[in-house]
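The values are calculated or read from the model by the stated rules, or taken from the named source; none is laboratory data. Just so we're clear, the structure is a prediction, and the values are computed from it rather than from any experiment. Please note: Cβ atoms are built from the backbone with ideal geometry, for glycine as well, and neighbour counts cover all protein chains shown.
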Amino acid sequence: MSADLSAQSSPLVDLNQDDSAAWLARYGRSVLGVFGTPQRVLVRGEGSYVWDADGRRYLDLLGGIAVNALGHAHPFLVSAVTAQMATLGHVSNFFTHPLQIALAERILELAGAPEGSAVFFCNSGTEANEAAFKLTRRTGRTRIIAAEKAFHGRTMGALALTHKQAYREPFAPLPGDVEHVPFGSVEALEAAVDDSTAAVFLEPIQGEAGVRIPPADYLAAARRITRAHGALLILDEVQTGIGRTGTWFAHQGVTPDAMTLAKGLGGGIPVGTLVVYGAENAALLSPGQHGTTFGGNPIAAAAGLATLHVIERDGLLENAVTVGNQLSAGVLGHPLVAGARGQGLLQAIELTQPVAASVAAHLLEAGFIVNPVAPDTIRLAPPLILTAEQAESFLAALPAALDLASQEIS
Ligand SMILES: *Cc1c(COP(=O)(O)O)cnc(C)c1O
C-alpha cells in the first residue's frame, strides 16, 4: 500500500483487505448496475478532500453532487449527528421531536414563508417532488407544465416531471398530464398555462441539464402567469437551495406556492423537504393523505439544523459568491473553454468540443473530482467551505487536463 492508511478504519469492514481494483470487482458482483462502474473507491474525507482505497487524495469539486455543503467529516455536523444518535435516533411520525420542529421553523424563516406555511420532511429530492406532485392533484386540476431538460428525480411521479427521454421511456406509462415547454421562455409558459393548469414546476437554475440559467425575469413571469390562472408555482431547489448559489435559495424576489429541497440540506445525511407556502396551500394535503416512515427523524433534523447553523456562522453564503466568482473567472482563457456560467458554487465550464468526459478523467488522475454533466460541459458543485487556495489549486491544474483532452481530438 502506497500511503499511510492508519486514518482509515471501520469497525465493520477491514478497509485495507482489498485495493481499489478488487473492491470494484466485488462491487460488480454485488451492487445493481444502474450507476455503471464507480470511478474510485473512496474511504475517507476531511474538509474538501477525499481519499481513495489506494491512498490517493482528491480535491472534491463535486461535493457528492451538491450535497456535502460543509465538506466531509465537518466537526460540528459530526458532533450534532453523533449526539442525537446517542440520545434519540428515530421516532415514528406518531410522535415528534423538538429538533424536527426547530428545523421546520428555521426553514420557513429562511424561506420568508408567510403565516400558515408548513413543511413536509422526507429523505430525498425525488420524494420531495413526489409530495409536491401529490399536492398539485389536490387542486382539483391535473395538468402540469414542466420545462424541457428539467430533472426532478427518478420515482414515477418525479420522473413524469423529468424531461430526459432516456430516463422516461423504459418506464412508460408515467403519471399523466405533464407537458414540457422550453426552459426560459416566457412566451412558452404564456401559451401553455391556462385555467386547467394545476401547477408549473421549475428549477430556478437547471442543474442536471448543465447549469442552465434562465433570463432574469423568468421566475417573476412564471409567478405572474400562474397566479393569473390560479395555478401553483412549484420551485425545485433540490440542487440550487441551501446556499449553493450564494443565497439561501436561488429564487429571489418571488414567492412560490411550494419549494422542494434536499441535497445540501443534511450536509450528507438524507433529508428532503417540501415547503408549502401559505395556509391555503398547506391545507391541500390533509391528515392521512401523505406520509413517510423516516422523514424528519431526529438525526435528519440534527443534520439539517447543524448544516444551516454552520453556513450562517461561518459566512458560507459569502464564501460561495467569492470563490464561485474566482472559479468562473479563472477557468477562462484556454482555447478549449468556450465560457463559464453559474452562480455561487454551482458552476459550469463550457467547452468548445464534446470532450468533458476526457477532461474530467484527466482531472481525476491529477487529483480533482469534477462532473462531466454534458458532453461539452463540466459541472462544479464543491463544498461551500472551499477556500480560495483550494480553488486556485484546481485552476492551476485545469490547463494541463484541457491540453491532454485537446491532444486526443487533434
Ligand atoms: C438531484 C435532484 C433531484 C432528485 O433528488 P434525489 O435526492 O436524487 O432523489 C430532484 N431535483 C433536482 C433539481 C435535483 O438536482
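Among the candidates Leu189, Leu235, Leu261, which residue alone is in contact with a Ser or Thr (Cβ under 6 Å, 6 or more places away or on another chain) and in contact (Cβ under 8 Å) with a residue 24 or more places away in the chain? I'd like the intermediate steps shown before the answer.
Working: Leu189 fails: in contact with a Ser or Thr (Cβ under 6 Å, 6 or more places away or on another chain); Leu235 fails: in contact with a Ser or Thr (Cβ under 6 Å, 6 or more places away or on another chain).
Answer to the selection: Leu261.
Could you list all residues from region 148-158 that are more than 11 Å from the ligand (Cβ to nearest atom) and outside any loop (DSSP other than H, G, I, E, B)?
Of everything in region 148-158, those that are more than 11 Å from the ligand (Cβ to nearest atom) and outside any loop (DSSP other than H, G, I, E, B) turn out to be Met156, Gly157.
Restricting region 68-79 to residues that are surrounded by fewer than 22 Cβ atoms within 10 Å (Cβ to Cβ) and hydrophobic (A, V, I, L, M, F, W, C), which is nearest to Arg313 (Cα to Cα)?
So in region 68-79, the residues surrounded by fewer than 22 Cβ atoms within 10 Å (Cβ to Cβ) come out as 73, 75-76, 78-79.
So of that shortlist, the ones also hydrophobic (A, V, I, L, M, F, W, C) come out as 73, 76, 78.
On the way: Ala73: 17, Phe76: 11, Val78: 16 Å.
Per the stated criteria, the residue is Phe76.
When you look at His309, is it farther than 17 Å from Glu127 by Cβ, touching a helix residue (DSSP H, G or I) at 6+ places or on another chain (Cβ under 8 Å), away from the ligand (no atom under 15 Å from the Cβ) and in the same structural domain as Ile234 (by TED's automatic domain parsing), yes or no?
Answer is yes for this residue.
Identify the residue in region 167-193 that is within 16 Å of the ligand (Cβ to nearest atom) and over 25 Å from Ile225 (Cβ atoms) and, among all such residues, is surrounded by the most Cβ atoms within 10 Å (Cβ to Cβ).
Arg168
Considering only region 23-60, state which residues are on the phi > 0 side of the Ramachandran plot and not in a loop (DSSP other than H, G, I, E, B).
Gly47
Taking the criterion of being touching a Gly at 6+ places or on another chain (Cβ under 9 Å), acidic (Asp, Glu) and modelled with pLDDT of 95 or more, would at least one residue in region 124-144 satisfy it?
yes
Which count do you get for residues in region 356-410 that are outside any strand (DSSP E or B) and among the β-branched types (Val, Ile, Thr)?
Selection size over region 356-410: 5.
For Glu280, only one of the following conditions fails: (1) away from the ligand (no atom under 14 Å from the Cβ); (2) touching a Gly at 6+ places or on another chain (Cβ under 8 Å); (3) over 30 Å from His309 (Cβ atoms); (4) not in a helix (DSSP H, G or I). What is its number?
All conditions are met except number (4).
Only one of Ala348, Ala258, Ala300, Ala320 is crowded, with 23+ Cβ neighbours inside 10 Å, touching a strand residue (DSSP E or B) at 6+ places or on another chain (Cβ under 7 Å), among the hydrophobic types (A, V, I, L, M, F, W, C) and not assigned by TED's automatic domain parsing to the domain that holds Arg224. Can you tell me which? Give the derivation first.
On the way: Ala258 fails: not assigned by TED's automatic domain parsing to the domain that holds Arg224; Ala300 fails: not assigned by TED's automatic domain parsing to the domain that holds Arg224; Ala320 fails: touching a strand residue (DSSP E or B) at 6+ places or on another chain (Cβ under 7 Å).
On inspection, the qualifying residue turns out to be Ala348.
Thr245: within 16 Å of the ligand (Cβ to nearest atom), hydroxyl-bearing (Ser, Thr, Tyr) and buried (at least 19 other Cβ atoms within 10 Å of the Cβ), yes or no?
Yes; evaluated as a whole, the condition is true for this residue.
Report whether or not Ala53 is among the small types (Gly, Ala, Ser) and either exposed (fewer than 15 other Cβ atoms within 10 Å of the Cβ) or under 30 Å from Gly253 (Cβ atoms) (or both).
no
Show me the helices (runs of 4 or more DSSP H) entirely contained within region 61-141 in which 1 or more residues are more than 16 Å from the ligand (Cβ to nearest atom), in the same structural domain as Leu398 (by TED's automatic domain parsing) and farther than 28 Å from Leu384 by Cα.
Details: elements: 63-66, 75-85, 98-111, 125-137.
It comes to none.
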